[in-house]
Each structure stands twice: as structure tokens, then as C-alpha cells.
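Only one structure is covered here, and it is reproduced in the block below.
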Amino acid sequence: MVFQKLKQELPGVKAKVALKNYTTYKIGGPAKYFFIAKSKIDLISALGAAKKFKLPVFILGGGSNLLISEKGFNGLVIKIDILNIDFQGKKVFVGAGANITKFAYLSADMGLSGVEWAAGVPGTVGGSIYGNAQAFGTKISDMLKSVEAINIKTLEVKNFSREECQFSLKNSIFKKDKNLIIISAVFEFEEKVPEHIKNQIREFLRYRSTKHPMDFPSAGSTFVNPEIKIKNKKLLEKFPELIEYNEKGAIPAGYLIQKSGIQGKKKGKAQISEKHANFIINLGGAKASEVMALINLAKKKVKKNFGILLVPEVQFVGFSKK
Ligand SMILES: Cc1cc2nc3c(=O)[nH]c(=O)nc-3n(C[C@H](O)[C@H](O)[C@H](O)COP(=O)(O)OP(=O)(O)OC[C@H]3O[C@@H](n4cnc5c(N)ncnc54)[C@H](O)[C@@H]3O)c2cc1C
């Protein structure tokens, strides 16, 4: 009954939509209700409807940093599909739903440098700002000027300066305050010769294809690379690479997992990738619980061997909090 009323309020909304079709993991149960917001007005309408019918809201970007349980989401999932990418000199105005790889290619065509690192990342600009995505030493926050976001509760739209976004390692105010939804962002890039930018992109893509398991569905890196220094002498003697990581300021989570002896480990159809231990891959038909079991195993083993608590980068939906 609610669905009929919701449909009147929000034309285009669907019921019981399989979320596995919207995640790079190809895992995830149904959304009770599902709506694609192609504009700011669509988004405001959807949030207004959710408020009216007291529905919990989950915001979906490219689904490339998500592990969704088989239970799915018992509320309204809003997929952000605001796709504009508008260039004005060195400034770029981008919708939160724009694919970040497409953004990288278009910027290269325009002779604008700053987002090359993101070529090959399957997420959206909004999802990347949420988790302060980064690669090859550059973060999305580096070239960002401002973010336009709406508050789910008040429906107030506000512009956040870079400082107000409170960026830190794989984090932002949008991750801390789930009431904030990113609508669009403004970037300012450096001008360079397009062919140089494209060469850099090709190099990064080559690196990704040699180091990352691209043949299987995944959500990219499972854990954040911990930015800590190991002081334990015994560990430094046993694992001399840690000295170099201490100097660099971050220890690759994949290294810690590999040295914990569980690379290649399987649970059902999920596996800790043999190619890169920070990727947990779906060998075909993996369940969210199987991926989660490997996540918990990696956390337990790394804690035991190195005394480090790995923090998942992947976001979880539909799991009960312990
Ligand atoms: C092959 C592969 C390679 C990857 N490489 C990298 C990499 O190099 N660097 C890196 O940092 N990550 C990488 N990732 C992880 C992922 O692609 C990024 O984290 C990406 O930025 C996530 O964006 P998304 O749109 O897919 O977000 P989603 O997975 O859809 O969502 C992630 C979180 O962001 C929130 N969110 C999404 N959009 C919005 C919005 N508009 N407003 C508010 N909240 C929002 C969601 O609610 C959710 O909590 C990789 C993933 C894969 C599969």
C-alpha cells in the first residue's frame, strides 16, 4: 500500500530492486524501494518523499566501495545519477553521479591535470569525495575547491569549502555525518599538454592491470593502508620491509595480510586475491557473509601478528552492528 502512495509522490520509484546489479562486487540483496535521481530536483523530491513516509535512506554512487548483505536495504535507496561535467577555464563543475574515470579522460582531453590517478576507478565523483579516494600519491581533495551538499533532515542545501569538508585519510565530513548528501563539486586543475596527461593515465592503468585482480568482481582495496610506524624491534628484524614503510609513513594493508599467511585463502566463493592481498574477490556467486568472514579473518590475523587493527575501507550495508 505504501508503495502505491510512494509512487504517486515519487514517480519512477521501484520496489524490490536487486542491489547486486548496482555493485562492482555483484553482491547484495534487494532495496525495498529504489529511485534514480538524475538531477538536484529529483534528489530533493526523493528525500521529501522518504521523510513523508518515514523511510530510511541509503545513497548509492557507483557501488564500487560497498559490501551489501543478502538482506539488502529496508528503505529507499537513492542512486545519484547527476552526471554533468562542465569546464570553465581551469575550473570544472561536476555532478556527484559522474563516473570518475570518465571525468579523468575528459579532463585530459581539455588539457587539465589533477585527476589522472582516478582513471580505472569505477566509482562516482560523489562516492570518491565521501571516502577521499586516492591513488599514486594524489587524493581527490587535493584539487577540490568546494562541494554542494544537502542535509537529509532539513533539506537545506549548503556549499562546503575544502576546509569545511574535513578531509583526512579516506575520510571526510560526508562520511562522518550520514545526513549530508553530495550533489556536485567544483575542482580547479593545472593546465598541461593533453598528450602528457594521457601518457600518465596510460601508465597508471598499466600499473593497475599488472598489480590488481581486474578479472574478478571486487570493491577495490578492502582496508585502509594504516599510517602508523612499527617500533617493535623483533617485527622490524623479521620483516625488514617495515623499515621502508615506516619511512614512507604508511604500511600497505596487502603486505600485512600477505605476511600473515592468508593470501589466497577462500571462504565459499570469496577469496583473498593471490594477485593483491588487499583485494577480496568474488569468484562467482560469493555471498556477502563469505566476504565478511575473510574480512574478519584478515583483521584477526593482522592484529595477532602485527598488533595493528585494520580499518575497512569498504562500506557495509545491511549487516547488524555488533
Ligand atoms: C577495481 C577497483 C579499483 C579501485 N581503485 C581505487 C583507487 O585507486 N582509489 C580509491 O580510493 N578507491 C578505489 N576503489 C574503491 C572505489 O571505487 C572508490 O572508493 C570510489 O570512490 C567509490 O565511489 P562510488 O561512487 O562507487 O561509491 P559507492 O560504493 O556507491 O558508495 C560508497 C559510500 O559513499 C557514499 N556515497 C556515494 N555517493 C554519495 C553522495 N553523492 N553523497 C554522499 N554519500 C555518497 C555511499 O552512501 C557509501 O557509503 C576501487 C574499486 C574498484 C572496484
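The values are calculated or read from the model by the stated rules, or taken from the named source; none is laboratory data. Bear in mind the structure is a predicted one, so any value in this text is a computation, not a measurement. Don't worry about glycine lacking a Cβ; one is built from the backbone with ideal geometry, like all the others, and counts go over all protein chains shown. Just so you know, the surface numbers come from the protein's heavy atoms only, side chains and all, with ligands and any DNA or RNA stripped out. Shrake-Rupley method; radii C 1.70, N 1.55, O 1.52, S 1.80 Å.
Of the residues GLY97, GLY127, the single one that is small (Gly, Ala, Ser) and assigned to a helix (DSSP H, G or I) is GLY127. Each residue in region 55-80 was checked for being outside any strand (DSSP E or B) and within 10 Å of the ligand (Cβ to nearest atom), and 5 of them qualify. Restricting the search to region 285-317, which residues are small (Gly, Ala, Ser) and surrounded by fewer than 19 Cβ atoms within 10 Å (Cβ to Cβ)? Those that are small (Gly, Ala, Ser) and surrounded by fewer than 19 Cβ atoms within 10 Å (Cβ to Cβ): GLY285, SER289, ALA293, GLY307.
Here is a yes/no grid of residues against (1) surrounded by fewer than 23 Cβ atoms within 10 Å (Cβ to Cβ); (2) without any contact (Cβ under 8 Å) to a residue 24 or more places away in the chain:
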{"site": "LYS54", "(1), (2)": "yes, yes"}
{"site": "VAL57", "(1), (2)": "yes, no"}
{"site": "LEU60", "(1), (2)": "no, no"}
{"site": "GLY63", "(1), (2)": "no, no"}
{"site": "PHE73", "(1), (2)": "no, no"}
{"site": "PHE87", "(1), (2)": "yes, no"}
{"site": "LYS91", "(1), (2)": "yes, no"}
{"site": "THR101", "(1), (2)": "yes, yes"}
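Pick from region 209-226 the residues that are of a type outside the set (S, T, N, Q) and not in a loop (DSSP other than H, G, I, E, B): which of them is farthest from ILE280 (Cα to Cα)? Here the residue is LYS211. Scanning region 10-39 for residues that are in a helix (DSSP H, G or I), in contact (Cβ under 8 Å) with a residue 40 or more places away in the chain and open to solvent by 80 Å² or more (accessible area, probe 1.4 Å) gives a single hit, LYS20.
Conditions (1) surrounded by fewer than 19 Cβ atoms within 10 Å (Cβ to Cβ); (2) away from the ligand (no atom under 14 Å from the Cβ); (3) not aromatic (Phe, Trp, Tyr), marked per residue:
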| residue | (1), (2), (3) |
| --- | --- |
| VAL115 | no, no, yes |
| GLY126 | no, no, yes |
| GLY131 | no, no, yes |
| GLU156 | yes, yes, yes |
| PHE160 | no, no, no |
| ILE181 | no, no, yes |
| PHE187 | no, yes, no |
| LYS198 | yes, yes, yes |
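Among the residues making up region 167-179, a single one is open to solvent by 40 Å² or more (accessible area, probe 1.4 Å) and among the hydroxyl-bearing types (Ser, Thr, Tyr): SER168.
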